[in-house]
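First up is the structure itself, then whatever we jot down about it.
Taken together, the values in this text are just the output of simple stated rules run on the coordinates, not laboratory data. In this text, all values refer to a predicted model and were calculated from it rather than measured experimentally. A quick note on method: Cβ atoms are made from the backbone with ideal geometry, for glycine too, and the neighbour counts reach across all protein chains shown.
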Amino acid sequence: PQRIGHDLTNRQRTVLAVLSAGGSGLALREILARLSPRAQEWELKGDLAILKALGLVRSSGHGRGARWILGGGPQA
């Protein structure tokens with residue numbers, strides 16, 4: 001997460017670090033539980049949307065079963 005060339009917020013960098021330690025992917029609630037300082041769910045959703053648009057994270061599944069992992073490539 002430290003080598004990203006984009007201007008990311010501290011929380012977005014922390015989300016990337018949490019996901020890098022998460023292995024096979026984490027659910028939204030698991031990411032929230034590991035964030036320090038704590039974030040609101042709407043803040044995390046916004047951060048994940050930005051990171052996804054940058055191609056830094058991707059999701060699999062839908063709704064409560066969605067899992068977030070690193071990587072994915074830029075979105076068109």
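Relative to the current alpha-carbon distance between Lys52 and Ala27, full extension at 0.36 nm per residue lengthens the span by 7.5 nm. Within the set (1) 42, 25, 15; (2) 35, 20, 20; (3) 29, 27, 23, the number that Cα extents along the principal axes in Å takes when calculated for this structure is listed as (3).
A crude spin-label estimate for the pair Arg64 and Glu43, with each label 7 Å from Cα along the Cβ direction, gives 2.5 nm.
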